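Presented below is the structure to which this report refers.
The values are calculated or read from the model by the stated rules, or taken from the named source; none is laboratory data. Given the structure is predicted, the values throughout are model-derived calculations rather than measurements. For neighbour counting, all protein chains shown are included, and Cβ atoms are generated from backbone atoms with ideal geometry for every residue, glycine included.
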Amino acid sequence: MLKVARAASWQTASIVLCTRLLHRVQPAKQNGTACVTCCSRRKSSSSTRTSATAYFTEPITSENITFTERLSSKTSRVRQDERAGPLAAYDSLIHQGELTEDAYQRTIVQELQGLFDKIAGYQPAEPSFFWKMLGSAPVAGPNGLYLYGSVGTGKTMLMDLFYQDVKVRRKQRAHFNSFMLDVHARIHEVKKQIPRDHTSTKPRPFDPIAPVAKDISRETWLICFDEFQVTDIADAMIVKRLFTELFQNGVVVVATSNRRPDDLYKNGLQRSNFVPFIQVLKNHCNVLQLDSGIDYRKLDASERGQVFFVHSRCNANAELDRIFQSLARQEDAVIQSRTIHLLGRELKVPVACGRIAVFTFTDLCDRPLGAGDYLALGREFDTIFIRDIPQMSLRIKSAARRFITLIDNFYDNKVRLVCSAETEPEDLFATTALSQRDLDDRRMLMDDLNIKLDASSGSASIFTGEEELFAFERTVSRLTEMQTEEYWTSTRETRKTAEMKPEDL
(Lines give C-alpha, C1' and ligand atoms only; values in the text may rest on other atoms or scores of the structure.)
Protein backbone atom coordinates (compact mmCIF):
# COMPACT_ATOMS: atom_id res chain seq x y z
CA MET A 1 0.00 0.00 0.00
CA LEU A 2 2.83 2.35 0.87
CA LYS A 3 4.48 1.72 -2.52
CA VAL A 4 1.19 2.35 -4.33
CA ALA A 5 0.65 5.60 -2.40
CA ARG A 6 4.17 6.77 -3.18
CA ALA A 7 3.70 5.93 -6.85
CA ALA A 8 0.40 7.81 -6.97
CA SER A 9 1.98 10.79 -5.21
CA TRP A 10 4.89 10.79 -7.66
CA GLN A 11 2.51 10.66 -10.66
CA THR A 12 0.47 13.57 -9.29
CA ALA A 13 3.60 15.64 -8.73
CA SER A 14 4.80 14.82 -12.24
CA ILE A 15 1.48 15.93 -13.77
CA VAL A 16 1.59 19.23 -11.87
CA LEU A 17 5.19 19.82 -12.93
CA CYS A 18 4.45 19.04 -16.59
CA THR A 19 1.37 21.26 -16.51
CA ARG A 20 3.40 24.19 -15.18
CA LEU A 21 6.07 23.67 -17.81
CA LEU A 22 3.54 23.37 -20.64
CA HIS A 23 1.98 26.70 -19.66
CA ARG A 24 5.24 28.66 -19.81
CA VAL A 25 4.35 29.79 -23.32
CA GLN A 26 3.18 33.40 -23.45
CA PRO A 27 0.44 34.60 -25.83
CA ALA A 28 1.62 35.87 -29.20
CA LYS A 29 2.35 39.58 -29.30
CA GLN A 30 -0.12 41.85 -31.06
CA ASN A 31 2.47 43.21 -33.43
CA GLY A 32 2.76 39.82 -35.04
CA THR A 33 6.15 38.84 -33.64
CA ALA A 34 5.88 35.27 -32.55
CA CYS A 35 7.49 34.20 -29.30
CA VAL A 36 8.81 30.65 -29.42
CA THR A 37 9.15 28.89 -26.09
CA CYS A 38 9.57 25.23 -25.38
CA CYS A 39 9.20 23.36 -22.14
CA SER A 40 11.91 21.24 -20.56
CA ARG A 41 11.35 17.93 -18.90
CA ARG A 42 13.47 15.14 -17.54
CA LYS A 43 14.59 12.57 -20.07
CA SER A 44 13.24 9.11 -19.40
CA SER A 45 15.96 6.50 -19.25
CA SER A 46 13.58 3.88 -20.62
CA SER A 47 12.58 5.90 -23.68
CA THR A 48 13.70 4.45 -27.00
CA ARG A 49 12.77 7.54 -29.00
CA THR A 50 14.08 10.87 -27.75
CA SER A 51 11.69 13.80 -27.77
CA ALA A 52 13.09 17.21 -28.62
CA THR A 53 11.31 18.70 -25.60
CA ALA A 54 13.71 16.74 -23.43
CA TYR A 55 16.44 19.18 -24.37
CA PHE A 56 14.65 22.54 -24.43
CA THR A 57 16.17 24.18 -21.39
CA GLU A 58 15.84 27.69 -22.81
CA PRO A 59 13.42 29.43 -25.15
CA ILE A 60 13.96 28.87 -28.85
CA THR A 61 14.42 32.21 -30.55
CA SER A 62 14.64 32.97 -34.22
CA GLU A 63 15.99 36.05 -35.95
CA ASN A 64 13.77 35.14 -38.85
CA ILE A 65 10.30 35.46 -37.29
CA THR A 66 8.31 36.98 -40.10
CA PHE A 67 4.62 37.00 -39.16
CA THR A 68 3.01 40.23 -40.28
CA GLU A 69 -0.11 42.07 -39.20
CA ARG A 70 -0.12 44.43 -42.20
CA LEU A 71 -3.49 44.26 -43.90
CA SER A 72 -4.81 45.49 -47.22
CA SER A 73 -5.11 49.27 -47.34
CA LYS A 74 -8.89 49.23 -47.81
CA THR A 75 -9.56 47.31 -44.58
CA SER A 76 -8.58 50.33 -42.46
CA ARG A 77 -11.36 52.35 -44.09
CA VAL A 78 -14.13 50.34 -42.45
CA ARG A 79 -15.57 52.23 -39.48
CA GLN A 80 -15.28 50.48 -36.12
CA ASP A 81 -19.04 50.42 -35.58
CA GLU A 82 -19.51 48.56 -38.90
CA ARG A 83 -17.09 45.75 -38.10
CA ALA A 84 -19.50 42.94 -37.38
CA GLY A 85 -17.65 40.57 -39.65
CA PRO A 86 -16.39 40.49 -43.24
CA LEU A 87 -19.85 40.75 -44.78
CA ALA A 88 -20.72 43.98 -42.94
CA ALA A 89 -17.26 45.38 -43.68
CA TYR A 90 -17.63 44.52 -47.38
CA ASP A 91 -21.02 46.22 -47.55
CA SER A 92 -19.55 49.27 -45.81
CA LEU A 93 -16.77 49.60 -48.38
CA ILE A 94 -19.29 49.35 -51.21
CA HIS A 95 -21.47 51.99 -49.55
CA GLN A 96 -18.44 54.30 -49.19
CA GLY A 97 -17.60 53.85 -52.87
CA GLU A 98 -14.27 52.17 -52.10
CA LEU A 99 -15.41 48.96 -53.82
CA THR A 100 -17.85 48.11 -56.58
CA GLU A 101 -20.37 45.31 -56.21
CA ASP A 102 -18.90 42.00 -57.40
CA ALA A 103 -21.10 38.90 -57.25
CA TYR A 104 -18.05 36.61 -57.20
CA GLN A 105 -16.54 38.46 -54.26
CA ARG A 106 -19.84 38.49 -52.38
CA THR A 107 -20.08 34.70 -52.60
CA ILE A 108 -16.64 34.39 -51.05
CA VAL A 109 -17.43 36.96 -48.35
CA GLN A 110 -20.53 34.99 -47.37
CA GLU A 111 -18.38 31.89 -46.91
CA LEU A 112 -15.89 33.88 -44.85
CA GLN A 113 -18.75 35.25 -42.73
CA GLY A 114 -19.90 31.69 -42.05
CA LEU A 115 -16.43 30.74 -40.81
CA PHE A 116 -16.23 34.03 -38.87
CA ASP A 117 -19.39 33.11 -36.96
CA LYS A 118 -18.37 29.48 -36.52
CA ILE A 119 -15.00 30.11 -34.88
CA ALA A 120 -15.92 33.12 -32.74
CA GLY A 121 -14.17 32.56 -29.40
CA TYR A 122 -12.50 29.41 -30.76
CA GLN A 123 -9.78 27.70 -28.76
CA PRO A 124 -8.36 24.26 -29.52
CA ALA A 125 -9.31 21.53 -27.08
CA GLU A 126 -6.55 20.78 -24.59
CA PRO A 127 -5.75 17.05 -24.54
CA SER A 128 -6.55 15.63 -21.14
CA PHE A 129 -4.22 13.45 -19.08
CA PHE A 130 -6.31 10.38 -19.92
CA TRP A 131 -6.10 11.15 -23.64
CA LYS A 132 -2.33 11.20 -23.30
CA MET A 133 -2.29 7.97 -21.31
CA LEU A 134 -4.50 6.24 -23.89
CA GLY A 135 -2.55 7.67 -26.80
CA SER A 136 -5.64 9.29 -28.32
CA ALA A 137 -5.11 11.78 -31.13
CA PRO A 138 -5.91 15.47 -30.49
CA VAL A 139 -9.20 16.80 -31.84
CA ALA A 140 -8.86 18.70 -35.12
CA GLY A 141 -10.50 22.10 -35.33
CA PRO A 142 -13.19 23.26 -37.76
CA ASN A 143 -12.36 23.38 -41.44
CA GLY A 144 -10.75 26.54 -42.73
CA LEU A 145 -10.84 27.97 -46.26
CA TYR A 146 -8.51 27.78 -49.25
CA LEU A 147 -9.28 30.61 -51.67
CA TYR A 148 -7.68 30.57 -55.12
CA GLY A 149 -8.09 32.53 -58.33
CA SER A 150 -6.45 34.89 -60.78
CA VAL A 151 -4.28 37.80 -59.71
CA GLY A 152 -5.83 41.08 -58.65
CA THR A 153 -9.32 39.71 -57.98
CA GLY A 154 -9.33 40.75 -54.31
CA LYS A 155 -8.49 37.50 -52.52
CA THR A 156 -6.10 39.08 -50.02
CA MET A 157 -8.41 42.00 -49.32
CA LEU A 158 -11.34 39.68 -48.56
CA MET A 159 -9.21 37.51 -46.28
CA ASP A 160 -8.07 40.65 -44.44
CA LEU A 161 -11.68 41.74 -43.92
CA PHE A 162 -12.17 38.38 -42.21
CA TYR A 163 -8.93 38.51 -40.24
CA GLN A 164 -9.17 42.03 -38.83
CA ASP A 165 -12.14 41.29 -36.57
CA VAL A 166 -12.38 37.51 -36.22
CA LYS A 167 -12.89 36.75 -32.53
CA VAL A 168 -9.96 34.38 -31.99
CA ARG A 169 -7.56 35.45 -29.27
CA ARG A 170 -4.44 33.96 -30.81
CA LYS A 171 -4.31 34.59 -34.53
CA GLN A 172 -1.59 35.40 -37.03
CA ARG A 173 -1.45 36.61 -40.61
CA ALA A 174 1.60 35.70 -42.65
CA HIS A 175 2.91 35.55 -46.17
CA PHE A 176 3.46 31.84 -46.81
CA ASN A 177 7.08 32.47 -47.80
CA SER A 178 7.67 34.17 -44.46
CA PHE A 179 6.00 31.40 -42.53
CA MET A 180 8.15 28.69 -44.09
CA LEU A 181 11.32 30.69 -43.43
CA ASP A 182 10.27 30.82 -39.80
CA VAL A 183 9.60 27.07 -39.77
CA HIS A 184 13.04 26.26 -41.16
CA ALA A 185 14.64 28.59 -38.60
CA ARG A 186 12.78 26.81 -35.79
CA ILE A 187 13.81 23.39 -37.11
CA HIS A 188 17.41 24.57 -37.13
CA GLU A 189 17.13 25.75 -33.52
CA VAL A 190 15.55 22.45 -32.44
CA LYS A 191 18.38 20.46 -33.99
CA LYS A 192 21.00 22.68 -32.35
CA GLN A 193 19.61 21.91 -28.90
CA ILE A 194 19.83 18.14 -29.26
CA PRO A 195 23.04 16.96 -27.56
CA ARG A 196 25.13 14.40 -29.36
CA ASP A 197 25.94 11.14 -27.64
CA HIS A 198 29.49 10.45 -28.76
CA THR A 199 29.55 7.13 -26.86
CA SER A 200 26.80 5.61 -29.02
CA THR A 201 27.29 4.37 -32.56
CA LYS A 202 23.58 3.75 -33.17
CA PRO A 203 21.55 6.42 -34.99
CA ARG A 204 18.91 8.10 -32.86
CA PRO A 205 15.81 8.78 -34.97
CA PHE A 206 14.28 12.15 -34.35
CA ASP A 207 11.73 14.24 -36.28
CA PRO A 208 11.87 17.96 -35.38
CA ILE A 209 8.58 18.73 -37.16
CA ALA A 210 6.31 17.64 -34.30
CA PRO A 211 7.83 19.92 -31.60
CA VAL A 212 7.97 22.84 -34.05
CA ALA A 213 4.30 22.34 -34.97
CA LYS A 214 3.44 22.09 -31.28
CA ASP A 215 5.10 25.44 -30.56
CA ILE A 216 3.28 27.12 -33.43
CA SER A 217 -0.01 25.60 -32.26
CA ARG A 218 0.52 27.06 -28.78
CA GLU A 219 1.19 30.52 -30.18
CA THR A 220 -1.64 30.74 -32.69
CA TRP A 221 -4.95 28.97 -33.22
CA LEU A 222 -5.81 30.66 -36.52
CA ILE A 223 -3.31 31.31 -39.32
CA CYS A 224 -4.24 33.36 -42.38
CA PHE A 225 -1.78 32.77 -45.22
CA ASP A 226 -1.33 35.16 -48.11
CA GLU A 227 0.08 33.71 -51.35
CA PHE A 228 0.07 30.03 -50.42
CA GLN A 229 2.54 28.52 -52.87
CA VAL A 230 5.19 25.84 -52.82
CA THR A 231 8.14 26.31 -55.17
CA ASP A 232 11.01 25.09 -53.02
CA ILE A 233 11.83 21.41 -52.64
CA ALA A 234 12.86 21.96 -49.00
CA ASP A 235 9.33 23.24 -48.27
CA ALA A 236 7.69 20.55 -50.37
CA MET A 237 9.30 17.77 -48.35
CA ILE A 238 8.01 18.94 -44.97
CA VAL A 239 4.61 20.57 -45.52
CA LYS A 240 2.62 17.33 -45.22
CA ARG A 241 4.11 16.42 -41.83
CA LEU A 242 3.97 20.03 -40.63
CA PHE A 243 0.36 20.74 -41.57
CA THR A 244 -0.85 17.31 -40.48
CA GLU A 245 0.48 18.16 -37.01
CA LEU A 246 -0.97 21.68 -37.09
CA PHE A 247 -4.42 20.44 -38.11
CA GLN A 248 -4.35 17.69 -35.49
CA ASN A 249 -3.45 20.30 -32.87
CA GLY A 250 -6.62 22.21 -33.79
CA VAL A 251 -5.09 25.04 -35.84
CA VAL A 252 -7.51 26.60 -38.35
CA VAL A 253 -6.05 27.71 -41.69
CA VAL A 254 -7.36 30.30 -44.14
CA ALA A 255 -5.24 30.78 -47.26
CA THR A 256 -5.18 32.66 -50.55
CA SER A 257 -3.38 31.38 -53.63
CA ASN A 258 -3.16 31.79 -57.38
CA ARG A 259 -3.14 28.00 -57.78
CA ARG A 260 -5.82 25.44 -57.07
CA PRO A 261 -4.66 22.79 -54.60
CA ASP A 262 -4.08 20.13 -57.25
CA ASP A 263 -1.63 22.43 -59.07
CA LEU A 264 0.53 23.26 -56.06
CA TYR A 265 4.20 22.43 -56.66
CA LYS A 266 3.26 21.50 -60.21
CA ASN A 267 6.10 19.71 -62.05
CA GLY A 268 8.29 20.10 -58.96
CA LEU A 269 11.18 17.78 -58.23
CA GLN A 270 10.10 14.65 -56.30
CA ARG A 271 6.49 15.85 -56.46
CA SER A 272 5.23 12.34 -55.64
CA ASN A 273 6.38 12.96 -52.06
CA PHE A 274 4.37 16.19 -51.98
CA VAL A 275 1.10 14.95 -53.51
CA PRO A 276 -0.30 13.37 -50.27
CA PHE A 277 -0.30 16.86 -48.71
CA ILE A 278 -2.90 18.02 -51.23
CA GLN A 279 -5.50 15.66 -49.79
CA VAL A 280 -4.58 16.70 -46.25
CA LEU A 281 -5.19 20.32 -47.26
CA LYS A 282 -8.54 19.48 -48.87
CA ASN A 283 -9.64 17.52 -45.80
CA HIS A 284 -9.16 20.52 -43.53
CA CYS A 285 -9.93 23.49 -45.80
CA ASN A 286 -12.99 24.09 -47.94
CA VAL A 287 -11.74 25.04 -51.40
CA LEU A 288 -13.26 28.13 -53.06
CA GLN A 289 -12.51 29.82 -56.37
CA LEU A 290 -12.61 33.57 -56.95
CA ASP A 291 -12.24 34.23 -60.65
CA SER A 292 -14.25 37.21 -61.84
CA GLY A 293 -11.76 37.79 -64.65
CA ILE A 294 -11.07 41.33 -63.42
CA ASP A 295 -7.65 42.49 -62.22
CA TYR A 296 -8.62 45.40 -59.99
CA ARG A 297 -5.00 46.47 -59.60
CA LYS A 298 -4.76 47.22 -63.31
CA LEU A 299 -8.06 49.10 -63.27
CA ASP A 300 -6.24 51.71 -61.16
CA ALA A 301 -3.51 52.09 -63.79
CA SER A 302 -4.81 55.57 -64.65
CA GLU A 303 -3.83 56.66 -61.12
CA ARG A 304 -0.21 55.62 -61.55
CA GLY A 305 2.44 58.19 -60.81
CA GLN A 306 5.84 58.31 -62.43
CA VAL A 307 7.97 56.01 -60.29
CA PHE A 308 8.78 53.40 -62.96
CA PHE A 309 11.05 54.71 -65.71
CA VAL A 310 11.95 52.99 -68.98
CA HIS A 311 15.41 53.72 -70.39
CA SER A 312 14.23 54.07 -74.00
CA ARG A 313 11.73 56.78 -73.08
CA CYS A 314 13.78 59.07 -70.83
CA ASN A 315 17.02 59.42 -68.92
CA ALA A 316 15.74 56.90 -66.37
CA ASN A 317 18.66 56.93 -63.94
CA ALA A 318 18.72 60.73 -63.90
CA GLU A 319 15.04 60.65 -62.92
CA LEU A 320 15.88 58.23 -60.09
CA ASP A 321 18.66 60.55 -58.91
CA ARG A 322 16.20 63.47 -58.84
CA ILE A 323 13.60 61.52 -56.80
CA PHE A 324 16.26 60.19 -54.44
CA GLN A 325 17.53 63.70 -53.70
CA SER A 326 13.96 64.87 -53.10
CA LEU A 327 13.26 62.08 -50.60
CA ALA A 328 16.70 62.24 -48.97
CA ARG A 329 16.15 65.88 -48.02
CA GLN A 330 13.31 64.69 -45.74
CA GLU A 331 15.57 62.25 -43.90
CA ASP A 332 17.60 63.29 -40.88
CA ALA A 333 20.56 61.16 -41.97
CA VAL A 334 23.66 61.20 -44.13
CA ILE A 335 23.98 59.35 -47.43
CA GLN A 336 26.29 56.38 -46.98
CA SER A 337 26.60 52.64 -47.43
CA ARG A 338 25.17 50.35 -44.77
CA THR A 339 25.50 46.76 -43.61
CA ILE A 340 22.58 44.68 -42.32
CA HIS A 341 23.44 41.65 -40.19
CA LEU A 342 21.13 38.72 -40.87
CA LEU A 343 21.51 35.19 -39.46
CA GLY A 344 25.28 35.49 -39.21
CA ARG A 345 25.64 37.02 -42.68
CA GLU A 346 26.22 40.56 -43.88
CA LEU A 347 23.85 42.16 -46.37
CA LYS A 348 25.48 45.15 -48.06
CA VAL A 349 23.41 48.23 -48.94
CA PRO A 350 25.40 50.33 -51.48
CA VAL A 351 23.57 53.61 -50.82
CA ALA A 352 21.29 54.40 -47.89
CA CYS A 353 19.84 57.50 -46.29
CA GLY A 354 17.65 56.93 -43.26
CA ARG A 355 14.75 54.73 -44.42
CA ILE A 356 15.74 54.97 -48.11
CA ALA A 357 18.03 52.55 -49.97
CA VAL A 358 19.39 52.32 -53.52
CA PHE A 359 20.34 49.10 -55.30
CA THR A 360 20.90 47.85 -58.81
CA PHE A 361 19.10 44.79 -60.16
CA THR A 362 22.44 42.97 -60.02
CA ASP A 363 22.83 43.79 -56.31
CA LEU A 364 19.47 42.21 -55.45
CA CYS A 365 18.84 39.48 -58.00
CA ASP A 366 22.19 38.31 -59.39
CA ARG A 367 23.51 37.43 -55.96
CA PRO A 368 22.52 34.42 -53.79
CA LEU A 369 19.79 36.22 -51.85
CA GLY A 370 16.42 34.86 -50.77
CA ALA A 371 13.12 35.75 -49.15
CA GLY A 372 14.77 36.27 -45.75
CA ASP A 373 17.09 38.93 -47.19
CA TYR A 374 14.24 40.76 -48.92
CA LEU A 375 12.16 40.65 -45.76
CA ALA A 376 15.04 42.17 -43.81
CA LEU A 377 15.29 44.97 -46.37
CA GLY A 378 11.54 45.50 -46.16
CA ARG A 379 11.78 45.93 -42.39
CA GLU A 380 14.77 48.25 -42.64
CA PHE A 381 13.62 50.58 -45.43
CA ASP A 382 10.39 52.29 -46.48
CA THR A 383 11.51 53.28 -49.98
CA ILE A 384 13.84 51.25 -52.18
CA PHE A 385 15.28 52.27 -55.55
CA ILE A 386 16.14 49.52 -58.05
CA ARG A 387 18.22 50.56 -61.06
CA ASP A 388 18.61 48.84 -64.43
CA ILE A 389 16.03 46.05 -64.33
CA PRO A 390 16.60 44.05 -67.53
CA GLN A 391 14.12 42.15 -69.61
CA MET A 392 14.25 38.66 -68.14
CA SER A 393 14.00 35.28 -69.84
CA LEU A 394 14.57 31.61 -69.11
CA ARG A 395 18.28 32.24 -69.63
CA ILE A 396 18.40 34.22 -66.38
CA LYS A 397 15.68 32.22 -64.66
CA SER A 398 17.37 32.31 -61.24
CA ALA A 399 17.49 36.11 -61.27
CA ALA A 400 13.86 36.22 -62.46
CA ARG A 401 12.80 33.96 -59.61
CA ARG A 402 14.57 36.21 -57.09
CA PHE A 403 12.88 39.25 -58.62
CA ILE A 404 9.47 37.59 -58.19
CA THR A 405 10.27 36.81 -54.55
CA LEU A 406 11.56 40.35 -54.02
CA ILE A 407 8.35 41.94 -55.33
CA ASP A 408 6.18 39.56 -53.29
CA ASN A 409 7.95 40.46 -50.06
CA PHE A 410 8.22 44.19 -50.74
CA TYR A 411 4.53 44.32 -51.66
CA ASP A 412 3.52 42.44 -48.52
CA ASN A 413 5.57 44.86 -46.40
CA LYS A 414 4.27 47.98 -48.19
CA VAL A 415 7.71 49.02 -49.43
CA ARG A 416 7.67 51.90 -51.91
CA LEU A 417 9.57 51.15 -55.12
CA VAL A 418 11.18 53.52 -57.60
CA CYS A 419 12.63 51.69 -60.61
CA SER A 420 14.45 52.11 -63.89
CA ALA A 421 14.06 49.27 -66.37
CA GLU A 422 14.71 48.15 -69.91
CA THR A 423 10.99 47.85 -70.64
CA GLU A 424 7.50 48.26 -69.18
CA PRO A 425 6.41 45.87 -66.37
CA GLU A 426 4.16 43.91 -68.75
CA ASP A 427 7.16 43.02 -70.93
CA LEU A 428 9.78 42.35 -68.27
CA PHE A 429 9.63 38.58 -68.73
CA ALA A 430 10.05 37.27 -72.29
CA THR A 431 9.69 33.65 -73.33
CA THR A 432 12.60 32.56 -75.50
CA ALA A 433 13.87 29.19 -76.62
CA LEU A 434 16.68 27.65 -74.61
CA SER A 435 20.12 27.65 -76.19
CA GLN A 436 22.37 24.60 -76.40
CA ARG A 437 24.38 26.00 -73.49
CA ASP A 438 21.19 26.20 -71.40
CA LEU A 439 20.39 22.58 -72.22
CA ASP A 440 23.92 21.54 -71.27
CA ASP A 441 23.61 23.42 -67.97
CA ARG A 442 20.34 21.57 -67.32
CA ARG A 443 22.01 18.19 -67.84
CA MET A 444 24.87 19.15 -65.54
CA LEU A 445 22.44 20.21 -62.83
CA MET A 446 20.52 16.95 -63.15
CA ASP A 447 23.79 15.04 -62.81
CA ASP A 448 24.68 17.05 -59.68
CA LEU A 449 21.26 16.29 -58.19
CA ASN A 450 21.56 12.62 -59.20
CA ILE A 451 18.35 12.85 -61.23
CA LYS A 452 17.82 10.44 -64.09
CA LEU A 453 16.85 11.97 -67.41
CA ASP A 454 13.28 10.98 -68.20
CA ALA A 455 10.05 12.65 -69.29
CA SER A 456 8.98 13.68 -65.78
CA SER A 457 12.33 15.06 -64.65
CA GLY A 458 12.89 16.93 -67.89
CA SER A 459 9.60 18.76 -67.45
CA ALA A 460 10.30 19.80 -63.85
CA SER A 461 9.50 23.44 -63.27
CA ILE A 462 13.07 24.29 -62.28
CA PHE A 463 14.07 23.51 -65.88
CA THR A 464 11.09 24.74 -67.89
CA GLY A 465 10.51 28.02 -66.05
CA GLU A 466 6.77 27.28 -65.89
CA GLU A 467 6.53 28.43 -62.27
CA GLU A 468 8.22 31.72 -63.11
CA LEU A 469 5.91 32.31 -66.07
CA PHE A 470 2.89 31.65 -63.89
CA ALA A 471 4.13 33.81 -61.00
CA PHE A 472 5.21 36.71 -63.21
CA GLU A 473 1.58 37.57 -63.95
CA ARG A 474 1.22 38.27 -60.22
CA THR A 475 4.44 40.28 -60.25
CA VAL A 476 3.24 42.52 -63.08
CA SER A 477 -0.08 43.06 -61.31
CA ARG A 478 1.67 44.03 -58.08
CA LEU A 479 4.19 46.30 -59.79
CA THR A 480 1.25 48.11 -61.37
CA GLU A 481 -0.44 48.65 -58.01
CA MET A 482 2.82 49.72 -56.39
CA GLN A 483 2.84 52.76 -58.69
CA THR A 484 -0.57 54.03 -57.58
CA GLU A 485 -1.32 56.89 -55.23
CA GLU A 486 -3.31 54.59 -52.93
CA TYR A 487 -0.32 52.29 -52.45
CA TRP A 488 2.13 55.14 -51.84
CA THR A 489 -0.09 56.88 -49.33
CA SER A 490 -1.01 53.73 -47.43
CA THR A 491 0.06 53.94 -43.80
CA ARG A 492 2.90 51.94 -42.32
CA GLU A 493 3.85 51.90 -38.66
CA THR A 494 7.57 52.28 -39.27
CA ARG A 495 7.32 54.99 -41.92
CA LYS A 496 9.25 58.12 -41.01
CA THR A 497 9.16 59.99 -44.33
CA ALA A 498 6.34 62.42 -44.98
CA GLU A 499 3.34 61.11 -46.88
CA MET A 500 4.04 61.73 -50.54
CA LYS A 501 2.17 60.88 -53.70
CA PRO A 502 4.13 59.48 -56.68
CA GLU A 503 3.06 62.38 -58.91
CA ASP A 504 4.62 64.80 -56.37
CA LEU A 505 8.10 63.35 -56.91
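Residue-wise test of (1) exposed (fewer than 14 other Cβ atoms within 10 Å of the Cβ); (2) of a type outside the set (Lys, Arg); (3) under 18 Å from Arg478 (Cβ atoms).
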{"position": "Arg329", "(1), (2), (3)": "yes, no, no"}
{"position": "Ala371", "(1), (2), (3)": "no, yes, yes"}
{"position": "Phe381", "(1), (2), (3)": "no, yes, yes"}
{"position": "Arg401", "(1), (2), (3)": "no, no, yes"}
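Just to be sure I understand, how many residues within region 201-226 are part of a loop (DSSP other than H, G, I, E, B) and buried (at least 21 other Cβ atoms within 10 Å of the Cβ)?
Looking only at that region, the number is 2.
Selection of region 252-278 for residues being crowded, with 19+ Cβ neighbours inside 10 Å, touching a residue at least 60 places away in the same chain (Cβ under 8 Å) and over 17 Å from the mean Cα position of the chain (by Cα) yields Gly268, Leu269. Contact map, region 180-204: first residue assigned by TED's automatic domain parsing to the domain that holds Gln229 and within 25 Å of Asp215 (Cα to Cα), second residue at pLDDT 80 or above and of a type in the set (Val, Ile, Thr), Cβ cut-off under 7 Å, separation 6 or more or different chains; pairs are Val183/Val212; Arg186/Val212; Ile187/Val212; Val190/Val212. Whether a residue is closer than 18 Å to Cys419 by Cβ and assigned by TED's automatic domain parsing to the domain that holds His311 was assessed, and Asp382 passes this test. Candidates in region 413-445 are the residues that are assigned to a helix (DSSP H, G or I) and at pLDDT 85 or above; of these, the one that is nearest to Glu485 (Cα to Cα) is Pro425. Please indicate, with yes or no, whether at least one residue in region 337-358 is free of Cβ contacts under 8 Å to residues at least 40 places away in the same chain, closer than 24 Å to Glu426 by Cβ, among the small types (Gly, Ala, Ser) and in a loop (DSSP other than H, G, I, E, B). No, region 337-358 contains no residue that is free of Cβ contacts under 8 Å to residues at least 40 places away in the same chain, closer than 24 Å to Glu426 by Cβ, among the small types (Gly, Ala, Ser) and in a loop (DSSP other than H, G, I, E, B).
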